[in-house]
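In what follows, a structure is listed as structure tokens, so that the remarks can point back to it.
A short reminder: the numbers here are calculations on the coordinates, not readings from a lab. Treat the numbers as computed from the prediction; the structure is a model and nothing was measured. Ideal geometry is used to build each Cβ from the backbone, glycine not excepted, and the neighbour counts take in all protein chains shown.
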Amino acid sequence: MLHVKIPTRKEVIEEEKSKGKRIAAVYPIHYSRELFRAFNIQPVEVWGPPKTDTRKANAHLQSYICSVVQSGLSFYLEGYLDIVDLIVVPHSCDSLQGLGSIFKDFIKPKQELVTIYLPREKNKENVEFLANELKRIYKQLSQLCGFEPDNERLMEEIKTEEEIDTLVLKFYKSRGNLPLSSREFYTILRSREYLPPDKFKSILEYALLHASKGKLKKTGIVLSGLLPEPMDILDVIDDMDAFVAIDDMACCMRRVYEEGNSSDPFERMAERIVNGPPDPTKGNSFDERFEFIKSLVDLTSAKGVIFYNVKFCEPEYFYHPILKEKLGKAQIRSLIIENDINEPLPQQTITRIKAFIEMIRELS
Amino acid sequence: MDVKDKIKYIFSYKIAGKLLIELNTKKAFKNFKPPKNWRTDILAPPLRTGVYTKEIIAKHYLEGRYVSGVKPVAWVTSGAPIEILKALGFYILYPENHGALCGARKVALEISEEAEKKGYSIDICSYARTDIGATLSKKTPVGKLPKPDLLLCCTNICQTVLYWYRVLAEYYKVPLIVIDTPFVYDEAKKHDIEYVKKQLEASIEVSEKVAGKSLSFSKLKEVVRLSKMAAELWLEIMNANKNKPAPISVFDQFIHMAPIVEKRGDPETVDFYSKMLDEIRERIKNGIGAVKNERKRVLWDNLPIWYKIRFLSEFLAENGVSVVASTYTNAWGELAPMMDIERPIESMAKTYVYPILNRGTGHKLKTMETMVKEFDLDGAILHSDRSCKPYSVGQMDQRLKLLNELGVAALLLEADHNDPRAFADEQIKSRLKAFMEMMD
């Protein structure tokens, strides 16, 4: 166990505000942190949060919309986002598209609303489109902030993010050598969702200093899905003398982007997202997703994959049957479970996870 | 091209099949009478020209049975820009229409369960489940579906189609063209249109390769011209319902929209809708309404509930309620003026970005408000469709606006367009009764 003090979202918001920075509440999944930072805007991501009372959102959204979107809207309607200066809604799926549209047309928040359309598919035209989309947002932010950061400033922020992505990868690769529970590991990793880069970097560096030479002698699992919430799932895995060795999650690994090539900052930011790890919301092919998950298994010698799905998340649902089949053919066992981020982990799910871990342990 | 396939195609479809279908149509047209159980006490007889809807669809699926190896086959999403494929001579199949047909014939559940057995969640779109189920089990009420040589998926109706077509591409191992259309919150930006245009241009090369021939731009212009003409006629048919009583109901439109979705760009479709328009004008002249005692006029928002069309149509008609306008059927006509025959690719890029499903919730509300005024409506039924999130999200706010700002009775009716498990007759009836009371 490491003694790392990670500030809360509230503390970060208050501190950054006191420094004169603006705060952006950012809904899932992909966006360019660097673009906002160049405008002295601190992004603070809104992934739910879990265990939110969603009654207020029920006045706008039907019951068949996922709990991430329900909670995200309720969180706003309850007034928890009153402190932020702008709201960012990336176009990740039909439900988030709807959320952005409801914000704009009906809820009409007092804050500036920024929407981002993310192209599907991985190609040159899509990089060009996203670069133009980011230029449009740059103009919107310029009007809001009253200044235009130059290319040098943008590149500086891009380089910072690229450095952090490299460090995050190192953190993942050291996972088996770190004296951290899965909950602690993901608490550190997910603090990137709201921490300024220097703070996040120093926490990662501190944690990495404690990496030992001996590997964890536990059963490694790859966790795939949107987010590990409620975090009890991580405890259930650890209680079985197993651990999350690496993940294929939207809030974590799917957003560890490679370095861009272009010297144009907008193109470079676009390249990073478009060419990033496969993600169902980007419509990547089954082969791309399979190869990626397999590479994670190979890298960590994980013994199995758990698809942990948020109920009503269509992008994830469509991939499960074929991915499960492909993994099976490659002798990689997998389990599909689903949950609502606002509900405690049901006993039935806990039993299934335990049985799965026992099974893969016996088979390995 | 396989000679055996070609001979089979010519004999079974071109000669015998078509002839038989046409003879049946002639007979049905000549001896036209409503089906035995048709509620003539509350409804006008079905449109006589409706026999041609059956003919067009029957021919389409019959051709599909024998077309493999004769023409290239493309499976496409309902809002996809098919004009290029049409000009290249593709046989085009719309899995969503096939899904709707399965729904209307009440076999969608059985077919969907084939997909569910393979692990596809009950919470994914019921069209997708029907289609994947049909793909996995080969079950279909139309005999046989041709295997695709190409898949064309356009995200202007939802993102779901992207994942769905990924499944199809994986299963059939054929090229997948994705036309990604940025969502329009207000107005489409220049770079949005440019992005779609580039994708359309890039799609030509892939389509030509599969078709084994080059695209003729004069043929493309002709297809665009026919497509535009059919859409304009369809729009005119829908606008005819501004008359009182409304000559056809939206439930009729649901049935007769199949050709505008499935066969736009064909001369037969233009002829068909011209004939239908003539019959509708005749009805207007004679004061015939789709609902005999048209007391209230309402709007339908979202997809039809395919397996309950007759049930809903009769229950509402019994109470003098005529459903006269729909945001859904309107979607296949409202963009017709944007098509420019002289600049087909540019105008397609723009047109295919603007379907109602690719636009904001505020735009849909405006569309409904306009319809309420132009069609002089008393109420709106908003089908909250579990299977169609982009259409359904926003309806709760839209309903309140219609109710509070326009003073129009508005009902949110939760169901599913193709999954009967989400529909309870008695519950729906009591919801509709309460809605009708609101209008009185």
Evaluated over region B:196-307, the Cα radius of gyration and Dmax, each in Å: 18.3, 57
If you take the square roots of the eigenvalues of the alpha-carbon gyration tensor of region B:249-357 and sort them as a ≥ b ≥ c, do you get rounded (a/c under 1.5), prolate (a/b over b/c) or oblate? prolate
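Cα-Cα pairs above 41 Å in chain B: how many percent? Working shown, then result.
Working: 11831 of 96580 pairs.
Here the long-distance tail beyond 41 Å is 12 percent of all Cα pairs in chain B.
Sum -39500 (n - 2.57) across every DSSP H segment of at least 4 residues in the protein assembly as shown, then divide by the residue count to get the 222 nm mean residue ellipticity, nearest 500. Please list the in-between numbers first.
Values: 33 runs with 397 residues, N = 804.
Mean residue ellipticity, 222 nm, calculated: -15500 deg cm²/dmol.
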For region B:1-81, listing trypsin sites (Lys or Arg not before Pro) in a DSSP loop whose Cβ sees at most 12 other Cβ atoms within 10 Å gives B:Lys36
Can you give the convex hull volume per residue for the Cα atoms of region A:202-363, as a whole number of Å³? 149
Output needed: percent of Cα pairs per 10 Å distance bin for region A:9-151, bins running from 0 to the one holding the longest distance. 11, 41, 34, 13, 1
Name the long-range amide H neighbours of B:Leu43: under 5 Å, sequence gap of 5 or more, or other chain; modelled H, no Pro or chain starts. B:Lys292
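In region A:237-311, what chymotrypsin sites (Phe, Trp or Tyr not before Pro) fall in a loop by DSSP, with at most 13 other Cβ atoms inside 10 Å? Mind showing how you got there, number by number?
Numbers: sites: A:Phe243, A:Tyr257, A:Phe266, A:Phe286, A:Phe290, A:Phe292, A:Phe307, A:Tyr308; in loops: A:Tyr257.
Within region A:237-311, no chymotrypsin sites (Phe, Trp or Tyr not before Pro) qualify (loop, at most 13 other Cβ atoms within 10 Å).
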Computed E for A:Glu362/A:Ala330 - FRET, C-beta separation, R0 25 angstrom, nearest 0.05: 0.85
For chain A, the dipole about the Cα centre with charges only on Cβ (Lys and Arg +1, Asp and Glu -1), to the nearest 20 debye, works out at 580
Enumerate the amide H contacts of B:Ser384 below 5 Å, restricted to partners 5 or more residues apart or on another chain; note that Pro and chain-start residues carry no placed amide H. B:Leu413, B:Glu414, B:Ala415
Taking every Cα atom in chain A, find the radius of gyration and the maximum pairwise distance Dmax, and write them in Å. 19.9, 62
At what distance in nm do the modelled label points of B:Glu279 and B:Ala16 sit from each other, each positioned 7 Å from its Cα along Cα→Cβ? 3.0
Gain in length, A:Lys122 to A:Ile83, computed as 0.36 nm per residue apart minus the alpha-carbon separation, to one decimal in nm? 10.4 nm
What FRET efficiency, computed as 1/(1 + (r/R0)^6) with R0 = 22 Å and r the Cβ-Cβ distance, is obtained for B:Asp41 and B:Asn286, rounded to the nearest 0.05? 0.75
Angle between chain B longest axis and helix B:309-318 axis [Cα atoms, degrees, rounded to 10]: 20
Any idea what angle helix B:50-66 forms with the longest principal axis of chain B, computed on alpha-carbon atoms, 0 to 90 degrees, nearest 10? 30
DSSP-loop trypsin sites (Lys or Arg not before Pro) across region A:311-364, with at most 10 other Cβ within 10 angstrom: none
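Could you put B:Tyr127, B:Tyr171, B:Tyr163 in order, starting from the residue whose Cβ has the fewest other Cβ atoms within 10 Å? The partial results should precede the final answer.
Working: B:Tyr127 31, B:Tyr171 15, B:Tyr163 24.
Ascending Cβ contact count within 10 Å gives the list B:Tyr171, B:Tyr163, B:Tyr127.
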Longest principal axis of chain B (C-alpha) makes with the long axis of helix B:425-439 (C-alpha) an angle, in degrees to the nearest 10, of 60
Name the residues whose placed amide hydrogens come within less than 5 Å of the amide hydrogen of A:Ile23, ignoring near sequence neighbours (fewer than 5 apart) on the same chain. A:Gln42, A:Asp85, A:Leu86
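If you place +1 on the Cβ of every Lys and Arg and -1 on the Cβ of every Asp and Glu, how big does the dipole about the Cα centre of region A:161-282 come out, in debye to the nearest 20?
440
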Once you have all Cα-Cα distances for region B:277-413, histogram them in 5 Å bins from zero and send the whole-percent values. 2, 9, 17, 19, 19, 15, 11, 6, 2, 0
Give the calculated FRET efficiency between B:Arg295 and B:Glu116 to the nearest 0.05, with a Förster radius of 51 Å applied to their Cβ-Cβ distance. 0.75
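So if I place +1 on the C-beta of Lys and Arg and -1 on the C-beta of Asp and Glu, and nothing else carries charge, what would the dipole magnitude of chain B be about its Cα centre? I want it in debye, nearest 20. Spell out each step's value before the answer.
Details: 66 positive and 57 negative charges, 291 e Å.
Using only the charged Cβ atoms, the result is roughly 1400 debye.
Calculate the all-directions average of the projected area of region A:268-351's alpha-carbon convex hull, and give it in nm². Don't skip to the end; give the middle numbers.
Numbers: hull surface 27.8 nm².
Result: 7.0 nm².
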Interatomic Cα distance distribution for the protein assembly as shown, bins of 20 angstrom, percent: 15, 47, 31, 7, 0
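By counting other Cβ atoms within 10 Å of each Cβ, how are A:Ser18, A:Ser92, B:Ser313, A:Ser181 ranked from fewest to most? Before the final figure, lay out each step's value.
Working: A:Ser18 8, A:Ser92 27, B:Ser313 23, A:Ser181 18.
So the residues, fewest neighbours to most, are A:Ser18, A:Ser181, B:Ser313, A:Ser92.
Given Cα pairs under 8 Å that are at least 6 residues apart, what percent is the relative contact order of chain B?
Numbers: 745 pairs, mean separation 76.8, N = 440.
Relative CO of chain B lands at 17 percent.
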